[in-house]
Structure formats: C-alpha cells, structure tokens
Amino acid sequence: MKLKIVPILCLVIFFLMNILPLGAKGQPEQKVTLLFTNDVESAYDPIPAFWLKDIDRIGGIAEMTTLINEIRNKSETTFLFDAGDIFTGALAKRTEGALAFDLMTLMQYDALGIGNHEFEYGVDIFAWQKNRAPFPVLGANMFYKGTDHPFAQAHTIIERNGLRIGVIGIMGRDAVSAIIPSYIAPLDIRDEALAVQKSVDAIRDDVDLVVLLTHQGKTAPMQTDAESDPRLQRDIDADIRLAGAVKGVDVLFAGHADAGTLEPVVHPETGTLIMQTYGQGTHLGFLELTLNQKNGQITQYEGKLIPVDADLYKPDVKVLAELTKARAKHADLFEKIGITTQYMSRRYIEESDIGNLFADELKRAAETNIAFIHAGSLRKDMPEGDLNLANVLDVYPFVDDVLTFQVTGNQLKGIIQQSLTFERGLLQISGFEIIYNSAKPIGERLISMRYNGKEIEPSDVFTAAAPSFLAEGGDLYLTFADIKKTGNIGKVSDILLSFFKKSGPLAPPPQGRQRDLSK
C-alpha cells in the first residue's frame, strides 16, 4: 500500500505547486513595494502647508523616514529609490554634499539616479563624494568629455527576498542647461535612449523587474505652492517619449520637473509605469506591484503620492540625530544675521519680493545700471522676523559669482523675450521696468521697456550684473553667453550675506517693475 500512496502524493503536490499563486519567495506570485523620491534638494525640515486645507505642516526628511519605515514593516519586499537632485541648501553646501549621502544611507536607499544639482560644486567634488554612498549612484549616459570612460555606474542589480530588480539611471541633456556651464564642462551627456537600451539589454534576462531613474524634461518651477497653481504644472512628455523609445523597462521614476503624478501614467505601447513626486520632500512616491514570476508580467499595480504630514509622522530618531549633529557642527549657520518685517515669497512666473530684493542688491553692489537674477535660483521663501545665515543661503544656495558686462537695448530685448516665454520662470530684474501681456503668443508679449522713465532704444548701452550661471547662458538665456564680461565682484552669497548683516529691518521693495496687462 505504501508504494501506491507515494506516487499519488507526489502528483497532488505537483498539481498544487503549479496552480496556486503562493506568494512566497521566488514563487509564481509576489508583491513588491517600490518607494521613491525626487528633487528633495536638502529640504530637511517641515514647511507650512499654506496651500493645503487638511495639513498644517508638510515634509521633513526625518518625518518621511518614519513613513518609509512604517511601509517597510507592512510590506515584506520594499525598495527605495531617488531620481536625483539631492544637493542644495546651506548644510549641503557646507558639507559639499556629504550630509545628503549620510542621510540617505540612514534611510536605506537602494539606488540614486544623478540629477543636475549634484554638480552644484563641480564635477570633481561630486565624483569624490559619491564614493561615500553604500548604494549605487547611477548615470548611464555620462562620460568624461572626448572619451568612452564613464563618469558613473550605468546600472545595478539588487536582490531582496528572491526578487531581482535591475536599476538604470540617466540625466537628460536638457537638465544640463540648469547647471553652471563650466561646472559640467568636463563631461559629455549622451543620448538617453541609447544608453538606457544598452543597459536594459545587458540585464533584462537576469532580473524580474527593470526600474529606470530619470532626471530630464522641463525644469521644475521654484515656487513653494507650485502643486496648487495650474499655470506651473509641468508635463512628463520627455519621460513618456523615452518610455516609448526603449524596450524592456517596467517602471520609470522621474525627476527634474517636479510634475507630481497622483497615479501611474501607463505608456500605451510599452506598458511602462511612469511616476514622479512634487519634489522638496513633501510627498513620498508609492508603487505596489504584483509580479507573476513565471511569465515576468505585472498583473496588478497601485500607485500614489503620500503627503508627508509632519504632525502625523514623528521624526525618525537616527535621522534627526544626524541632522542635529550636523547643525551643531556648523552652528554659525544658525546665528542671527538680520531681520525682516514680513514674510517674503518667491514666485516663478511673476515679479516677487525676494527676486526684487536680491536683484536690487546685485545692482547696488556692482554699481551698474541694471541687474538680473533668475527665478530658478531662488529656492526657498524667507521667513518673517529673525534671519540666520542658513535662511539666506537656503534661498540662494549656489556658489556662483556676480559678473558684470555691458548690454545693448537690442540684446536686452532678446533677454526679456526669453524671460517672457516663462520656460525658466520670469527673470527678476532691477534698474528698469517692463510692460508685457502674458495672454499674447510667445514672441509678442513684450510691450515696453523703460529706463528712468524713458523708452529703451536698440542702440542704448547699459552696464549690467548677473550671477555667473545666468551670465554664462544658463537656463536657456543664450544671449548672455555671447556678451563679453567686464568684471567679477565676488560670490553672490557673500554679497547677499554682507547686505543682510549691515541692514536694519528689511521690507520687500515695492512691486510694479514688471506689469502684466492681462491681469
């Protein structure tokens, strides 16, 4: 009898193994949770959620870590990725990016795709600091100029609970225009699709899932409440095009545009799932997949953006301790240097309090007729009351200089016409006034430019000042690049800090230097 039972039991076991989705490690059905961030940009603390009705404070890197760990505790197989722009701000600048990597290590990131802000301190510093990361730092289309020598790792394979994920990272060539040209000069940023497909072909047969981390498309609007302003909503067309141009990518997590996707966008031809957060650490991206490991298909998915409610999630003890240690080590950043009479905001496609204040100070310090500052360089609003060093450096965190030059009325018209495309925000100005109509087509919006109340003629010549990023032609302001520079008066940050230290209580300058007739 025993000899007959054994074959029957074997048949039953074989039958059950082939029809039941058991969901265990390496078996036919398995759930995986993918968490992601993008464009955190050293936004380490909660901010007032003045544009939301149901949340008082949003964001905070320690609070986000608590949320991440809660999800990890519920989901057996969880991965955490970032799609670039981890640097910027006072503490990042002081530590040359080391703090960002240390915090990501504590948060247990699995991979980082390189963003344009990683080059804020130049190629050499980033090349050195990325050695600090115990996770792969990916840039498949980055090479040292004139060679085939890669700047970064192209892809990686991560295994957890029997599931193997291939991860690829690229930075788009458009994002290069958001970097000081001389800071990225040692590198070539090559065709995104070719680089991605090469990596996919190398790893596709060895993994269950391919995740692509991209940093490309339109530059994000630097405005705190951008997610609530329909005029500032960026598209993800560059990521949709890339997802259609390559084969074998299951999931694409994007950065650079801060174009929040409330649910996954599914490419109609390749089926790639595309997502992105609003940036600044205000939301955690969440995508849960059910994989059929026998045929490699995603059978179910759920994706969403989870607001980091700072009053709902207590700060993670380890991350908070690391931040506290860094702030104690650089205590001078938090000493009072000035005072404001009111909250000052930055606006991306409008004249703003901070834009006017900073542009006016560059003009005064350079002793020029006019001055410019680009909207994308203003990274944070300025609080009312006491100001410390970090408050100012967080608003303008970059290391560029103020360059002087001469500009003709004709060149000035080209510069302002570019500004009025709003592609990189409205250029903040000092020393002259413009009248425009934003309702008109691009190229027809400028109505008038005046200096000292007089209409500016094409042959007029003005002395001017601008940050070197802008003066070298950054943010698509190519007219600046062709203008010969006449001087360098020092770092933007040094000039601004000196101004705040010696000034009394500061109020924003009166508005009205850029009037939109459509309003």
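What strands (runs of 3 or more DSSP E) completely inside segment 281-345 contain at least 3 residues that are among the polar types (S, T, N, Q)? It comes to 297-307.
Listed here are the strands (runs of 3 or more DSSP E) enclosed by segment 418-519 that have at least 3 residues being in contact (Cβ under 8 Å) with a residue 60 or more places away in the chain: 428-430, 433-436, 461-467, 485-491, 514-516.
With the requirement that a residue be touching a Pro at 6+ places or on another chain (Cβ under 8 Å) and open to solvent by 10 Å² or more (accessible area, probe 1.4 Å), what does segment 90-109 give you? Those that are touching a Pro at 6+ places or on another chain (Cβ under 8 Å) and open to solvent by 10 Å² or more (accessible area, probe 1.4 Å): Lys93, Thr105. The numbered conditions (1) open to solvent by less than 60 Å² (accessible area, probe 1.4 Å); (2) within 21 Å of Asn388 (Cβ to Cβ) are all true for Glu335 except (1).
Candidates are the residues of segment 351-391 that are in a strand (DSSP E or B) and farther than 17 Å from Ala471 by Cα; the one that is most open to solvent (accessible area, probe 1.4 Å) is Asp386. The lone criterion from (1) more than 29 Å from the chain's Cα centre (by Cα); (2) more than 19 Å from Glu350 (Cβ to Cβ) left unmet by Pro467 is number (1). Only one entry in Ala220, Ala254 is open to solvent by less than 10 Å² (accessible area, probe 1.4 Å) and out of contact with any helix residue (DSSP H, G or I) (no Cβ under 6 Å at 6 or more places or on another chain), namely Ala220. Taken over segment 118-167, the criterion of being among the β-branched types (Val, Ile, Thr) and open to solvent by 60 Å² or more (accessible area, probe 1.4 Å) is satisfied by Ile157 alone. Checked against the criterion of being closer than 20 Å to Met222 by Cα and touching a Leu at 6+ places or on another chain (Cβ under 7 Å), the candidates Leu420, Leu496, Leu476, Leu426 yield just one match: Leu420. Using the structure shown, decide if Asp394 is in contact (Cβ under 8 Å) with a residue 24 or more places away in the chain, open to solvent by 20 Å² or more (accessible area, probe 1.4 Å) and assigned to a strand (DSSP E or B). For Asp394, the condition - in contact (Cβ under 8 Å) with a residue 24 or more places away in the chain, open to solvent by 20 Å² or more (accessible area, probe 1.4 Å) and assigned to a strand (DSSP E or B) - is not met. Scanning segment 397-407 for residues that are in a strand (DSSP E or B) and open to solvent by 10 Å² or more (accessible area, probe 1.4 Å) yields Asp401, Leu403, Thr404, Gln406. Taken residue by residue, segment 232-240 has no member that is open to solvent by 10 Å² or more (accessible area, probe 1.4 Å), farther than 24 Å from Asn141 by Cα, in contact (Cβ under 8 Å) with a residue 40 or more places away in the chain and part of a loop (DSSP other than H, G, I, E, B). Going by the structure shown, is Gly504 surrounded by fewer than 16 Cβ atoms within 10 Å (Cβ to Cβ), in contact with a strand residue (DSSP E or B) (Cβ under 7 Å, 6 or more places away or on another chain) and farther than 28 Å from Lys218 by Cβ? The answer is no for Gly504.
The values are calculated or read from the model by the stated rules, or taken from the named source; none is laboratory data. Only a predicted model underlies this, so the values are computations on that prediction, with no experimental measurement involved. As a convention, Cβ positions derive from the backbone with ideal geometry for all residues, glycine included, and neighbour counts pool all protein chains shown. Protein only, heavy atoms only, side chains kept; ligands, DNA and RNA dropped before computing areas. Shrake-Rupley method; radii C 1.70, N 1.55, O 1.52, S 1.80 Å.
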